[in-house]
Amino acid sequence: YTEYQVGTGAGVSLKDFLVYLQNTMMPGSSSIFEFGAIEQRDNEIMFSVANNKNLKAMGWKPNFDYKKGIEELLKRL
C-alpha cells in the first residue's frame with residue numbers, strides 16, 4: 001500500500017488561513033477570532049505540510065494555492 005498526500009507541499013498557518021477565509025467571505029468585517037485566547041496543549045501539532053512526492057512522481061502537480069482554493073470553493077457554494 002502507498003500513501004498519497006494531496007496538497008501543495010507549502011505550509012500556511014491556521015491563523016493566516018482563517019483570516020484570509022474571513023476576509024474573502026466577509027470583506028471589511030472585524031475579526032471574529034480570538035487567537036491566543038486558549039493556551040496551546042502539550043504535544044500540539046504546530047506545523048504540518050502534505051508530502052506530495054508520490055503524486056508528483058506520477059506527474060501530478062497542484063493547480064493553485066490555498067487562497068485560490070478558497071476562492072474557487074466559495075464560487076461553487
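For the reader, a short list of remarks on this structure follows.
- Whichever lysines have a C-alpha closer than 23 Å to that of residue 15, once near sequence neighbours (fewer than 8 apart) are set aside: 67, 68, 75
- Two-site FRET efficiency, residue 54 against residue 22, from Cβ-Cβ distance with R₀ of 35 Å, rounded to 0.05: 0.55
- Estimated from helical segments only, the mean residue ellipticity of the chain at 222 nm is -10500 deg cm²/dmol, where each DSSP H run of four or more residues counts as -39500 (n - 2.57).
- Reciprocal mean inverse distance between Cα atoms of region 14-76 - Kirkwood radius, Å: 14.7 Å
- Degrees between helix 14-25 axis and first principal axis of the chain (Cα, 0 to 90, nearest 10): 70 degrees
- Against the main long axis of the alpha-carbon atoms of the chain, helix 66-76 sits at an angle near 80°.
A short reminder: the numbers here are calculations on the coordinates, not readings from a lab. Only a predicted model underlies this, so the values are computations on that prediction, with no experimental measurement involved. Quick reminder, even Gly has a Cβ in these numbers, built from the backbone with ideal geometry, and neighbours come from all protein chains shown.
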